[in-house]
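First comes the structure, then the notes that go with it.
The values are calculated or read from the model by the stated rules, or taken from the named source; none is laboratory data. Just so we're clear, the structure is a prediction, and the values are computed from it rather than from any experiment. So basically every Cβ, Gly included, is an ideal-geometry build from the backbone, and we count neighbours across all protein chains shown. In case anyone asks, the SASA skips ligands and DNA or RNA and just uses the protein heavy atoms, side chains included. Shrake-Rupley method; radii C 1.70, N 1.55, O 1.52, S 1.80 Å.
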Amino acid sequence: MLRLFLLRHGQTAMSRANVFCGRRLDPPLTPEGTAMAEAFARCYRTLPWQAIYSSPLVRARATAEPLAEALGITVIERADLAEIDYGQWDGRSADEVSRDHHVEYERWTADPAWNPPTGGEMAVALAQRMTRVIEEIDLAHGDGNVLVVSHKASIRVALCALLGVDVGRFRYRFGCPVGSLSIVEFGAHGPLAATVADRSHLDAGLRALEGT
């Protein structure tokens, strides 16, 4: 049975500030974000891993590297695992976006599946590219544990697509804080969410950090 481990990257300055940060922005991990990646590697290095896939963005790659180095395997990058494109909202808070792009923001919060951020990407398009990579993984590794390091919206949209949840509700159905892990098992009856947004591999200090 394939077990897909969906890991959100560690903390960045932008996640700490709770501003939009899509695929066009590439902030590094904070020291605390690096500690999150290292904590995950320590906790999960003894599992038998088939592969590690990652978004090409720095924050995801840096989260994948500690486990890859511990195992001596190469991270496989896939552009389709990058974060949603937030367009003109990148680097801005929700309050700022609501003020300056009010109509688009209201439409997006009501149904982001078909209403993109200003100049950005619809969630249905994100679901399509995330699903492409998951189908590739299923074909290449039909059994065992595979790690996918990605981003907040990307992981939540992937969970919706896999579990039959309306993609337009991704912001309201699944949590995905920094450094969190969700596990989907592909059994005889289809994908099963075995774990969602788990952060037990992080110590209390890391779990208590501000931000999203």
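When region 155-199 is limited to residues that are under 17 Å from the mean Cα position of the chain (by Cα), part of a loop (DSSP other than H, G, I, E, B) and touching a residue at least 40 places away in the same chain (Cβ under 8 Å), the one that is surrounded by the fewest Cβ atoms within 10 Å (Cβ to Cβ) turns out to be P177.
I need a count of the residues in region 136-154 that are open to solvent by 30 Å² or more (accessible area, probe 1.4 Å) and within 13 Å of E83 (Cα to Cα).
Taking region 136-154 as the starting set, the residues that turn out to be open to solvent by 30 Å² or more (accessible area, probe 1.4 Å) are 136, 138-143, 152.
Going one step further and asking which of them are within 13 Å of E83 (Cα to Cα), we end up with 152.
Result for region 136-154: 1.
Annotation note: of L209, L163, L147, L181, the sole residue that is out of contact with any Phe, Trp or Tyr (no Cβ under 8 Å at 6 or more places or on another chain), among the aliphatic types (A, V, I, L, M) and more than 17 Å from A127 (Cβ to Cβ) is L209.
Flag: E104 matches the condition of being assigned to a helix (DSSP H, G or I) and farther than 15 Å from Y53 by Cα.
Show me the helices (runs of 4 or more DSSP H) entirely contained within region 1-93 in which 2 or more residues are buried (at least 20 other Cβ atoms within 10 Å of the Cβ) and touching a helix residue (DSSP H, G or I) at 6+ places or on another chain (Cβ under 8 Å).
Values: elements: 13-17, 31-44, 58-71.
Because the criterion is at least 2 residues that are buried (at least 20 other Cβ atoms within 10 Å of the Cβ) and touching a helix residue (DSSP H, G or I) at 6+ places or on another chain (Cβ under 8 Å), the helices (runs of 4 or more DSSP H) in region 1-93 that meet it are 31-44, 58-71.
Against the numbered list (1) free of Cβ contacts under 8 Å to residues at least 60 places away in the same chain; (2) more than 19 Å from G168 (Cβ to Cβ); (3) buried (at least 21 other Cβ atoms within 10 Å of the Cβ), W108 comes up short only at (2).
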